[in-house]
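Below: the structure, in structure tokens.
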Number of protein chains: 2
Amino acid sequence: MRNDSRLSRVLHVLMHLGETEKPMTSELIGQMLNTNPSLVRRTMGLLRKAGVVSSAKGHGGGWYLEKPLAELSLAEVYAALGEPKLFAIGASDDTPTCLLEQSANAATQGALDAARERFLDTLANQSVADLIEQSRDQIAAFRNKASTDAE
Amino acid sequence: MRNDSRLSRVLHVLMHLGETEKPMTSELIGQMLNTNPSLVRRTMGLLRKAGVVSSAKGHGGGWYLEKPLAELSLAEVYAALGEPKLFAIGASDDTPTCLLEQSANAATQGALDAARERFLDTLANQSVADLIEQSRDQIAAFRNKASTDAE
DNA sequence: GATAACGTAACTTTATAAGTAACGTGATAT
DNA sequence: ATATCACGTTACTTATAAAGTTACGTTATC
């Protein structure tokens, strides 16, 4: 299948939601993500079920945050999406009878489990607000470089 | 796509190659893996290119090891396969103009990079011979349990 | 020279998120 | 009231890469 890009996409959307006051429509979000409103509704619906965002119908409706981004870790966002399948790798047979095959599968799965733990830890130690902060730093660094270059 | 099961599969095959003297044919390996000889040749061919195994044609031919399994780490095997794509997750746009999107992608990619590092480390710290040793331990534990149950 | 076995190319199948179209439902504005 | 906006949901198609399959050439052994 294609890459599952939902995590980075919704992080992007959440950051924008944190930067505005009015609800954002699926139409507008779709333009930001280069996709269509229906897919936006489907994906954002997962966040709604998890209580991360809410949606309003009708005029002036759209998507808005349910909590401050400083209180929302990336791990919570990943969980809200249903913890999408992380790996493209796995064993072909879950319950092999061959002992050597069991050992091969266990070794592979062990490495994947360790990797997954590291992935979740990394996500847990960052809030979405941190990401906004980082992009502010980016802007500052860029401005700084520009002024240095001008000297 | 389907899960990429090549790593666990070739580990399984390598362990069997370590337990026998004669070359194993693609036909035989295919039976072990529940697949056909052509796919076996395609996958084992990657290991051959990396110098992990060799193959012989004709009567009595087949696949055999080029080095002792104690000197072959799982990381080398993964590398021999061409370091197959590890994750099912990623960003949809590699070079976004939106700074917030860049930050979202960087955070996701950072967590994936950390996870990948952990995956490779785990693989690097095990030899294929270690896996055989582990399956021997499994057998011993099983026998031990059986004798305990019989008391 | 018959047979075994690999080497390789070409094609189909599979799994799953993305992408798309359509229509119902409910909220707001006039 | 009713026109319009926007979400909610269903159903369908598309894209991707490994698995799976078929076929045939090449080479080594008996």
With the label set 7 Å along Cα→Cβ, residue A:38 is separated from its counterparts in the other copies, in nm and shortest first, by 3.7
On C-alpha positions alone, give me the angle between the axis of helix A:128-150 and the longest principal axis of chain A, in degrees, nearest 10. 60 degrees
So the angle from the long Cα axis of helix B:37-49 to the longest Cα principal axis of chain B, reported in degrees to the nearest 10, equals 70 degrees
Listing A:149, A:121, B:4 from the residue with the fewest other Cβ atoms within 10 Å to the one with the most, what is the order? A:149, A:121, B:4
So what is the relative contact order of chain A, in percent, for Cα pairs below 8 Å that sit 6 or more residues apart? 24 percent
Sequence-distant residues sharing a close amide H with residue B:126 (under 5 Å, placed H): B:74, B:75
So if each residue of separation counts as 0.36 nm, and I subtract the Cα-Cα distance between residue A:133 and residue A:19, what length gain in nm does that give? 39.9 nm
Formal net charge of residues neighbouring residue A:105 (Cβ-Cβ distance under 9 Å; K, R +1; D, E -1): -3
What is segment B:5-67's relative contact order, in percent, from Cα pairs under 8 angstrom and six or more apart in sequence? 34 percent
Over all residues in A:11-18, what is the mean tally of Cβ atoms on other chains that come within 10 Å of each residue's Cβ? 5
In what sequence do A:54, B:135, B:147 fall when counting other Cβ within 10 Å, fewest first? B:147, A:54, B:135
Taking the Cα centre of segment A:10-95 as origin, work out the dipole magnitude from +1 charges on Lys and Arg Cβ and -1 charges on Asp and Glu Cβ, in debye rounded to 20. 360 debye
Interchain or sequence-distant (5+) residues whose placed amide H lies within less than 5 Å of the amide H of residue B:87 are A:88
Choose one of A:135, A:17, A:1: the residue whose Cα lies farthest towards the positive end of the charge dipole of chain A (beta-carbon charges +1 Lys, Arg; -1 Asp, Glu; about the Cα centre). A:17
When the Karplus curve 6.51 cos²θ - 1.76 cosθ + 1.60 is applied with θ = phi - 60°, which whole-Hz ³J(HN,Hα) does each residue of segment B:65-81 get, with x for Gly and Pro? 6, 9, 8, x, 5, 5, 9, 10, 7, 5, 5, 5, 5, 4, 5, 4, 7
Where does chain A land at 222 nm, in deg cm²/dmol rounded to the nearest 500, when only DSSP H runs of n ≥ 4 count, each adding -39500 (n - 2.57), divided by all residues? -19500 deg cm²/dmol
Based only on other Cβ atoms within 10 Å, what is the fewest-to-most ordering of A:87, A:119? A:87, A:119
State to the nearest 20 debye the size of the charge dipole of the protein assembly as shown about its Cα centre, where the only charges are +1 on K and R beta carbons and -1 on D and E beta carbons. 1060 debye
Any chance you could give the angle, 0 to 90 degrees and rounded to 10, that helix A:6-18 forms with the longest Cα principal axis of chain A? 20 degrees
Hey, with R₀ at 30 Å, roughly what FRET efficiency would residue B:64 and residue B:34 work out to, going by the Cβ-Cβ distance, to 0.05? 0.85
Return the average number of partner chain Cβ atoms within 10 angstrom of each residue Cβ along peptide B:92-98. 4
Averaged over B:73-83, number of beta-carbon atoms from partner chains that fall within 10 Å: 1
Please get the size of the charge dipole for segment A:65-151, origin at its Cα centre, with Cβ charges of +1 on Lys and Arg and -1 on Asp and Glu, quoted in debye to the nearest 20. 220 debye
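All of the numbers you see were taken from the coordinates with simple rules; none came from a lab. All of these numbers come straight from a predicted model, not from anything done at the bench. Glycine gets a Cβ as well: all are built from the backbone with ideal geometry, and neighbour counts include every protein chain shown.
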